[in-house]
Every structure is written in C-alpha cells, then in structure tokens.
1. State whether the residues of segment A:149-170 include one that is open to solvent by 30 Å² or more (accessible area, probe 1.4 Å), under 14 Å from residue A:214 (Cα atoms), more than 13 Å from every other protein chain (Cβ to nearest Cβ) and in contact with a helix residue (DSSP H, G or I) (Cβ under 9 Å, 6 or more places away or on another chain).
2. Identify, by number, the condition in (1) over 31 Å from the mean Cα position of the chain (by Cα); (2) within 14 Å of chain A (Cβ to nearest Cβ); (3) more than 21 Å from residue B:167 (Cβ to Cβ) that residue B:132 doesn't meet.
3. Suppose we filter B:102, B:75 for residues that are open to solvent by 60 Å² or more (accessible area, probe 1.4 Å) and either within 8 Å of chain A (Cβ to nearest Cβ) or at pLDDT below 90 (or both); which single one remains?
4. Restricting to segment B:78-91, and then to whatever is within 7 Å of another protein chain (Cβ to nearest Cβ) and surrounded by fewer than 19 Cβ atoms within 10 Å (Cβ to Cβ), can you tell me which residue is modelled with the highest pLDDT?
5. Right, residue A:160: of a type in the set (Lys, Arg) and in contact (Cβ under 8 Å) with a residue 40 or more places away in the chain or not?
6. Quick check on residue B:14: is it more than 8 Å from chain A (Cβ to nearest Cβ), modelled with pLDDT under 90, surrounded by fewer than 19 Cβ atoms within 10 Å (Cβ to Cβ) and over 30 Å from residue B:121 (Cβ atoms)?
7. Among the β-branched types (Val, Ile, Thr), without any contact (Cβ under 8 Å) to a residue 40 or more places away in the chain and farther than 18 Å from residue A:192 by Cβ, is that true of residue B:116?
Amino acid sequence: MSAAAPIRTKRVLPGFTLSLGTTLLYMTVIVLIPVLALILKGAEIGPARFWAIVSSPRALAAFRLTITAALIATAINAVYGLLMAWVLTRYDFSGKRILDALMDVPFALPTAVAGLSLTALFSANGWFGQVLAPLGISIPYTLLGVAIAMSFTSIPFVVRTVQPVLEDLDPAYEQAARTLGASEFTIFRRVVFPQILPAYLAGCTIALARSLGEFGAIVFIAGNLPLKTEIAALLAFIRLEEYDYQGAAAIALVLLFFALILLLVSNRLQAWALRYKER
Amino acid sequence: MTITITGMSKSFDATQVLRGIDLKVEDGELLALLGPSGSGKTTLLRIIAGLDWPDAGQLVVAGQDWLALPAQKRRIGFVFQQYALFPHMNVRDNIAFGLTVRPRAERPSQAEIDATVDNLLTLLQIDHLAQRFPSQLSGGQRQRVALGRALAIQPSVLLLDEPFGALDAAIRRDLRRWLREVHEKTGSTTIFVTHDQEEAFELADRVVVMGDGEISQIGTADEIYDHPASAFVAQFMGAVIALPVTLRGGRAMAPGLDASALPACTEADGPGTLYLRPDSIMLDPDPASPWAVTRRDSTGTDLRLVLTDPQGAQIDVDLPRRGAPTIALGDRLRLRPLWGAMFSEGAPLAADPIQLSA
C-alpha cells in the first residue's frame, strides 16, 4: 500500500500560483524572449565572425569609450549622489522639497532633451563653454562630454537608493557612537556608512549599468566621431540602420555581457555588505 | 561623580517637558527616575547624556559645567531602550567601539583593548557570544552587550533608558539583580529611567518620582511607599481607589471604614480622600456597612471582589483566597486598609490626572 497522502499545507496568502504565473509570463515576454532573440541572432554568425565584428578597431574604440566614460560618470555620481542623499535627509532648509523634486528631473526629462541642452551649455558660446573655452577645456566631442551626459541621466539612481536607507537609519546608532566618544567623521565612517553600503553599492551599480546603455543624452554632445567619440550603443544603432542586423546583435551582446557581469559583481558585493543580517 | 541639576527646564515646541528640575545625585549612587510616560524622565536622562539640551538650568558634574561639553567629551555610558547595538559589528567589536574610536594618542593598545573586552565579556557572562552579530542574539543578551559597550569606556556616569522595558518578566528579574551586582562591582554613579515602580524600588538606592515635568518626590523605596508626598505619587504606587472620607485629627472616617491600622496623618481636618490599593484592604463582616459584595471572581490564588455602596460607588478588593474569610455575594463588609494615603480636599492632587494602567 502506498503511504498516507502528504498533508498539504495551506498558504496564508492566496493567489500564489496565479500571481507567480502572471509574473513569469510577463518576464518572459518583456525580458527573456528579446534577450534570447538577441543571443540567437548573434549566434547565427558563428564565433569567428562574431569575434571579427567585436574586435574590429571601431568596435573596440567604442567599447573602450563607453566603459571609460561610464566609470568616470559613476565615480562622479558616487561622490555627488551620496552627498546629495546626505543633504536631503540630514538637514532642514528652505527649498529642500524643491531640491528633492528636482532630483527626479533626469528621470522625467526625455534624454534627447537633456542631451540637447547639455550640448548648448557646453558649446563654445554656451554658458559653461564660454568659461571653459579660455581655459583650454573643451567638453563637447570628447570623452568628458560623454561622461557628463552619462552622469546627468544616472545620478538619481544613487540618490534614490541611498536616501530611504539613510532616512530609516535609527538616530540612536549615531547617538550611541557619540556617547562613546566617536567624532562626527568617525561616526560616519564606522557606523553610518557600513549600514548604507549595500544600498549605495546597488545604486552605483544601476547608475553604471544605465550609463553603459545610455544613448539619447550622449549622441548630441559626443559628436560621434568613429574611433574617437562613438559609443557602443550608437555603433549598434548605426549597424542596424545599415541593415547589418548580425553586426548590431554582436555589439549589443557584448553590452549585455558587461551588464550581466556588473549585476553579478554587485550582487556579491551586496551579499558581503549584508553578511551580518540574519537570514 | 556628583551630579547637580538646578532649575532645569525644557520645551519641545509648545509642550513643556521639564519644569524647573532640581536634583543632586551622590557619587556612586544608583538612582531611579520613575514616572509615567510623558513625565519628562527620559528627557532629563538625555540632557545628562548630552543628547538633548535644556532651555534653562544648570548641569554640573564633579564641579564641571557639562552643558558646555559635547556628548563625546562627557564619558558617559548610555544604554538605549532598544540597545542600538551596531548591527554590522559583532559583539566583540561593539564592546570595543568606545575604545577604538579614541584619538590615537589616548587609544589603548590592541592588547589592552582585547583584555578589557575579555574582562567585560566574562563579567557580563557572554564569553561565548563574542563573535556573534546583534541580530543573532536574544533580547537579554543584547541588553548585556549594550551594557558592556557602555562600561568599556569606564564611564564617569552610567545612564540607562528603560533598561528592561523590552524584556519579558522572568529575564527582567534576573537582569535586575545582575545589574545591581555590576553596579556594586564598578561603583559608577548610575541613573536609570523606568515606569515600573517595582523595578525602581527593588534596584535603586533612591527613587525620584516624576510627574508632568516636575519632581513629585525623592526618597528611598520605604519612604515613598509609606509616605507618598502627593495623591499623584500615591496613585502611582498603585493606590487606584480614591475613597471620599472625613479627616479628623489625622484619622480618616467614613461609613464602613476601619482606618485604625493606618498611621495618623498631618493633613487638615475636613473632607478629604483616602487612596488605597486593592491588595492591601482587609475585610471584616459588618451588617451595618454600606459596602456589599456584588462580584466575586477567583484566580485560584486570589479572590477578586467588587464592593458597591448604595450610591453605586464601586471599589475593587483583591484578597488571598486561602485564609480569607468565606465571602459570598451580597455579604456586607467593613474595609480595614493596611496601607493608604490621606489627603485633605485642599491638597494638590497632581499636576494633571494620570492615566493608570492596571
């Protein structure tokens, strides 16, 4: 005889099957199938041709520029975004709410609009350009211009991930550190920062990923000179316009690969930063 | 360290939380600040710690003006109600924190820090927890770590905010005794805040009863219990029954009341109120008494009675069930309180009516 039927434990929250099913379907349609199609498209051409496309001087230059500029942009955002989140949570001043709302402008603004206005500002007769040109600094059509456009569109990711964590941090931790004799800087370094580190890492990673894929804001300020100021996303777009679907897919696949590596590293870092949390 | 507080006031926006506090804490004393929530006791503690600043008044510790010193310079050990252990540091690092953050010139060597932490871990009986993170500890264990962290800097004054508030009854009892022992070993001046009068009385050398931003009474457990200074203090001691009486020659008179067991008071003659605790009233059969039993419940150990008079006034009386006279519903009984506090009509009741929970 068979064993007694196992007892089915009832879930407290109903609708698990339905909600999970819907989520999975949505994920498949929106994320999985496009990614799969991209991979298949890239695979059509075989490894030798794939390698030839992605290691061509023009592609390599584009990747190098994209990654370098994204790293610079993220470094700027890491410093400035943390400062911004700190100011928005720790101080009270008039206009704070306006500043807080302004933080979302890069999210809300069409990236092409951001790109156009940045170009206008930094061009030789623009507001910033007028100041910088006599100093011999030219922002448009350079690596720096690309980095500035990237940092503009990705700054909210850092601020908006760190801000809530900083806000929820129990002030008693800092007060305890103060009674124990720690200076304000030591309190930040040893008590506050370690606790916001997971969110901070997550915010910086998303900002970096966004910068790698940014397109609209950059194409106007970059000048798009092949081998010099042409970013990878634009190169893929150009290939697409030339009906070279496989070439576009190959370049896009490399970007996808970077993004996956990035997320993997970020996850490991966050797990490490949260090692003290009870599972 | 002797702590002298004079004329201290503090408001949060429109709410005045401290109204002219004068208090002297002796060196090595273990003092309790006792009061209901909103009485200002925690604010007073936080001002001593340097986490809040008064609007007026002085705070002098061992001859030094502490209001001119930031919290970092006061060398106080502060134990927070929710402990505020650093979640990303293990127990050892939490306890060592106060030593490791000192400026390099004053910082003890790593070996000295390790030795101090080891001693504290032993004193607090948490050796085996040294490598754990706070999230892996029980409430009682966190409490000990928080105390260890505060003691590590050899504080001039140890301050505890509701130290046992978040713990269950059995652990409280243990930790109380243990805190007393730690206090005796370290000898540091200690102030703790509590709303639990039993806790305050058991643990402290002296108890400061606070109500509505003022000090209602200062004394030892026995002094406060035997001679509550005001109706507020009496109520806070659990005397929730307010019986209208006539005072004559320091004695309380009322129909159905035998107050002969109470010591005479110094209140003026005339109408007054006798405050009683439900568990310190004896009952004697008396057919002439207006009080009749209208409810009788048993908890096994105690009898819970409700007595009602013809006007509809009700009082609760708790008696041990064993050895109590046989009492049935409808019995007429005379009240013979063993403890009570009398105040004449004119005496100030309390600054504000206080909500007392059972």
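The values are calculated or read from the model by the stated rules, or taken from the named source; none is laboratory data. What you are looking at is a predicted structure, and each value in this text was computed from that prediction instead of being measured. FYI the Cβ positions are ideal-geometry reconstructions off the backbone, even for glycines, and counts take in every protein chain you see. Just so you know, the surface numbers come from the protein's heavy atoms only, side chains and all, with ligands and any DNA or RNA stripped out. Shrake-Rupley method; radii C 1.70, N 1.55, O 1.52, S 1.80 Å.
1. Taking segment A:149-170 and keeping what is open to solvent by 30 Å² or more (accessible area, probe 1.4 Å), we get A:152, A:157, A:160-161, A:164-165, A:167-168, A:170.
Then keep just the ones that are under 14 Å from residue A:214 (Cα atoms); that gives A:152, A:157.
If we keep only those that are more than 13 Å from every other protein chain (Cβ to nearest Cβ) as well, we get A:152, A:157.
Restricting the remaining residues to those that are in contact with a helix residue (DSSP H, G or I) (Cβ under 9 Å, 6 or more places away or on another chain) gives A:152, A:157.
Among the residues of segment A:149-170, at least one is open to solvent by 30 Å² or more (accessible area, probe 1.4 Å), under 14 Å from residue A:214 (Cα atoms), more than 13 Å from every other protein chain (Cβ to nearest Cβ) and in contact with a helix residue (DSSP H, G or I) (Cβ under 9 Å, 6 or more places away or on another chain), which makes the answer yes.
2. The single condition residue B:132 does not satisfy is (3).
3. B:75
4. If we take residues in segment B:78-91 being within 7 Å of another protein chain (Cβ to nearest Cβ) and surrounded by fewer than 19 Cβ atoms within 10 Å (Cβ to Cβ), then B:87 is modelled with the highest pLDDT.
5. yes
6. So residue B:14 passes the test.
7. Criteria met by residue B:116.
Rundown of residues vs (1) open to solvent by 30 Å² or more (accessible area, probe 1.4 Å); (2) hydroxyl-bearing (Ser, Thr, Tyr); (3) under 30 Å from residue B:20 (Cβ atoms); (4) outside the structural domain of residue B:171 (by TED's automatic domain parsing), yes/no style:
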| position | (1), (2), (3), (4) |
| --- | --- |
| B:237 | no, no, yes, yes |
| B:243 | no, no, no, yes |
| B:265 | yes, no, yes, yes |
| B:276 | no, no, no, yes |
| B:285 | yes, no, no, yes |
